[in-house]
Amino acid sequence: AVSVPPFLDAPVALIWDAATSTMLCRLLGHTGAILAGRVFHAGNRVLTASMDGTAVVWELRTCSEVRRFIHPGGVTEAAVLDDGAIVATIAETCGLTFWCVFSGEGRRLNVAADSGRLVPIPGGKLVAVW
């Protein structure tokens, strides 16, 4: 199992093998505090959300950045939907956005929210709680 323990005051996420308590890699690239870290269902990627206004998809095998999603404000929450082709974020100034991991294109919903929880459920659906 892999866990992502983000440290609220540091722009780094550490990836651990929970079975052996071994650190696998450090994900460096954010410039603000990381508020969320989500593992893709296949276990091969991680999504991080940061107060620097970005959400980043990371490849665990190489510990490298795959895609960066830019927001006009700090990103407070993130979720990975089903097969990992779509991720969702909540940002301080733009609310809820769905992103295509492959193209990088985003679709913002007209939802006035700057914080909350995103809970993915099977079938590509998402529960957003404010």
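Counting only residues that are at pLDDT 90 or above, open to solvent by 30 Å² or more (accessible area, probe 1.4 Å) and in a loop (DSSP other than H, G, I, E, B), which one in the stretch 21-40 is farthest from T93 (Cα to Cα)?
Step by step, filter the stretch 21-40, then rank; the result is G29.
Output the strands (runs of 3 or more DSSP E) that fall wholly within the stretch 42-130 and possess 3 or more residues being modelled with pLDDT of 90 or more and within 14 Å of the chain's Cα centre (by Cα), or say none. I'd like the intermediate steps shown before the answer.
On the way: elements: 45-50, 54-59, 64-70, 75-81, 86-91, 95-100, 106-108, 117-121, 125-129.
It comes to 45-50, 54-59, 64-70, 75-81, 86-91, 95-100.
Keeping to the stretch 45-72, report how many residues are farther than 18 Å from T93 by Cα and without any contact (Cβ under 8 Å) to a residue 24 or more places away in the chain.
Adding up the residues that qualify gives 4.
Out of the stretch 41-62, which residues are among the hydrophobic types (A, V, I, L, M, F, W, C) and open to solvent by 40 Å² or more (accessible area, probe 1.4 Å)? It would help to see each step written out before you state the result.
Restricting attention to the stretch 41-62, the residues satisfying the condition of being among the hydrophobic types (A, V, I, L, M, F, W, C) are 42, 46-47, 49, 51, 55-58, 60.
Of everything in the stretch 41-62, those that are among the hydrophobic types (A, V, I, L, M, F, W, C) and open to solvent by 40 Å² or more (accessible area, probe 1.4 Å) turn out to be A42, M51.
If you go through the stretch 3-18 one residue at a time, do you hit one that is touching a residue at least 40 places away in the same chain (Cβ under 8 Å), part of a strand (DSSP E or B), surrounded by fewer than 21 Cβ atoms within 10 Å (Cβ to Cβ) and β-branched (V, I, T)?
There is at least one residue in the stretch 3-18 that is touching a residue at least 40 places away in the same chain (Cβ under 8 Å), part of a strand (DSSP E or B), surrounded by fewer than 21 Cβ atoms within 10 Å (Cβ to Cβ) and β-branched (V, I, T).
The values are calculated or read from the model by the stated rules, or taken from the named source; none is laboratory data. Predicted, not measured: the structure shown is a model, and the values here were computed from it. Quick reminder, even Gly has a Cβ in these numbers, built from the backbone with ideal geometry, and neighbours come from all protein chains shown. Surface areas here come from the heavy atoms of the whole protein model, side chains and all, with no ligands, DNA or RNA. Shrake-Rupley method; radii C 1.70, N 1.55, O 1.52, S 1.80 Å.
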